[in-house]
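Worksheet: the structure to be examined is printed underneath.
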Amino acid sequence: MLKLLIADKAYSSWSLRPWLLMTEAGIEFEEIKLRFGSPTYKEDFKTYSPSGRVPVLILDNGQTIWDSLAIAETLVEQFPQKQLWPQDFSKRAHARCIVAEMHSGYQKLRANMPMHVLAKFPGRGWNLEVQKDIDRICQVWKECLDKNGGPMLFGQFSIADAFFAPVVTRLDTYAVAVPSYIRAYMDRVFALSGMQSWISKAAEEFEFVDFEEPYRAQP
Ligand SMILES: N[C@@H](CCC(=O)N[C@@H](CS)C(=O)NCC(=O)O)C(=O)O
């Protein structure tokens with residue numbers, strides 16, 4: 001069976017992406033959890049991950065796939081029937097653009113509003129640069145929802161929703177003011193059974209970790 005290595009569900013935004021993708025798509029996997037609170041976490045991560053980061057997917061043949069986007073693309077190839085990208089060529093190209101933009105961008109938001117799915121920090125971390133990222137994200141979501149009619153960014157749940165799920169939690173945790181149609185999309189993401197399951201498991205396994213650099217720089 002596929003194995004997915006992830007870190008603490010409260011904090012690990014990159015882990016949430018493939019976990020939610022696989023869970024919502026009904027792709028079975030064994031979860032291996034590494035903990036940020038472990039004094040040896042860097043070595044633990046390195047044992048499986050050449051980059052020293054999670055998530056990592058371990059294929060049935062033992063090959064390790066690190067980096068959330070490489071994992072998503074590998075799953076697309078392994079499970080074509082799951083339609084993890086939109087089926088329409090132009091929607092799929094659009095989805096790839098916004099996922100790539102998420103994967104390589106929004107640094108100000110990521111650095112100043114790190115994911116914590118169990119916390120409420122209204123107003124913390126906000127500044128004008130963060131707001132620029134938030135405005136761009138809202139524009140991206142609005143365009144998708146207007147074009148594709150919802151309920152998810154490309155109609156049915158896809159890699160795009162999985163990649164933005166940690167942003168949904170951040171906007172909620174930091175009580176960022178957003179238009180009602182954006183809040184409505186966020187609520188639909190929170191209502192996904194995979195999301196509910198992630199958050200309740202995060203509460204069960206929660207361990208406080210007093211993050212300092214470098215994690216805060218790479219949330
Ligand atoms: N680009 C990577 C980012 C992975 C990443 O930064 N993961 C964090 C956890 S959410 C991590 O492993 N941090 C450990 C560290 O920086 O020491 C991906 O898409 O998977």
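The values are calculated or read from the model by the stated rules, or taken from the named source; none is laboratory data. Treat the numbers as computed from the prediction; the structure is a model and nothing was measured. Every residue, glycine as well, gets a Cβ built from its backbone with ideal geometry; the counts of neighbours run over all protein chains shown.
One residue stands out among those in segment 101-154 that are of a type in the set (D, E, K, R) and not in a helix (DSSP H, G or I): the one that is surrounded by the fewest Cβ atoms within 10 Å (Cβ to Cβ), which is Lys120. Reported count of residues in segment 61-76, each being in a helix (DSSP H, G or I) and within 15 Å of the ligand (Cβ to nearest atom), is 8. Among the residues of segment 1-45, write down those that are modelled with pLDDT of 95 or more, small (Gly, Ala, Ser) and out of contact with any helix residue (DSSP H, G or I) (no Cβ under 7 Å at 6 or more places or on another chain). Across segment 1-45, the qualifying residues are Ser12, Ser15, Gly26. Of all the criteria given as (1) among the polar types (S, T, N, Q); (2) touching a residue at least 24 places away in the same chain (Cβ under 8 Å); (3) in the same structural domain as Asp172 (by TED's automatic domain parsing), the one not satisfied by Asn112 is (2).
Tell me, please, whether a residue that is within 10 Å of the ligand (Cβ to nearest atom) and closer than 23 Å to Phe211 by Cα can be found in segment 24-32. No, the conditions are met nowhere in segment 24-32. The C-beta contact set for segment 5-24 (first residue over 21 Å from Ser38 (Cα atoms), second residue in a helix (DSSP H, G or I) and β-branched (Val, Ile, Thr), distance under 6 angstrom, 6+ apart or interchain) comprises Pro18/Ile71.
For beta carbons closer than 6 Å, sequence separation of 6+ or different chains, a first residue in segment 83-108 that is free of Cβ contacts under 8 Å to residues at least 12 places away in the same chain and a second that is aromatic (Phe, Trp, Tyr) and away from the ligand (no atom under 15 Å from the Cβ), the qualifying pairs are Arg92/Trp85. Scanning segment 47-76 for residues that are closer than 24 Å to Asn148 by Cβ and among the acidic types (Asp, Glu) turns up just one, Glu73.
If you go through segment 28-57 and pick out every residue that is without any contact (Cβ under 8 Å) to a residue 12 or more places away in the chain and part of a loop (DSSP other than H, G, I, E, B), you end up with 4.
With respect to the conditions (1) touching an Asp or Glu at 6+ places or on another chain (Cβ under 9 Å); (2) near the ligand (Cβ under 8 Å from one of its atoms); (3) not in a loop (DSSP other than H, G, I, E, B), Arg17 falls short on a single one, namely (1).
Answer yes or no: is there a residue in segment 140-160 that is within 16 Å of the ligand (Cβ to nearest atom), out of contact with any Pro (no Cβ under 6 Å at 6 or more places or on another chain), touching a residue at least 12 places away in the same chain (Cβ under 8 Å) and among the hydrophobic types (A, V, I, L, M, F, W, C). Yes, because at least one residue in segment 140-160 is within 16 Å of the ligand (Cβ to nearest atom), out of contact with any Pro (no Cβ under 6 Å at 6 or more places or on another chain), touching a residue at least 12 places away in the same chain (Cβ under 8 Å) and among the hydrophobic types (A, V, I, L, M, F, W, C).
Evaluating Phe79 against the criteria (1) of a type outside the set (D, E, K, R); (2) out of contact with any helix residue (DSSP H, G or I) (no Cβ under 9 Å at 6 or more places or on another chain); (3) away from the ligand (no atom under 12 Å from the Cβ); (4) touching a residue at least 24 places away in the same chain (Cβ under 8 Å) leaves one unmet condition, (2).
Considering only residues in segment 77-87 that are out of contact with any strand residue (DSSP E or B) (no Cβ under 9 Å at 6 or more places or on another chain) and outside any helix (DSSP H, G or I), the one that is nearest to Ile137 (Cα to Cα) turns out to be Trp85.
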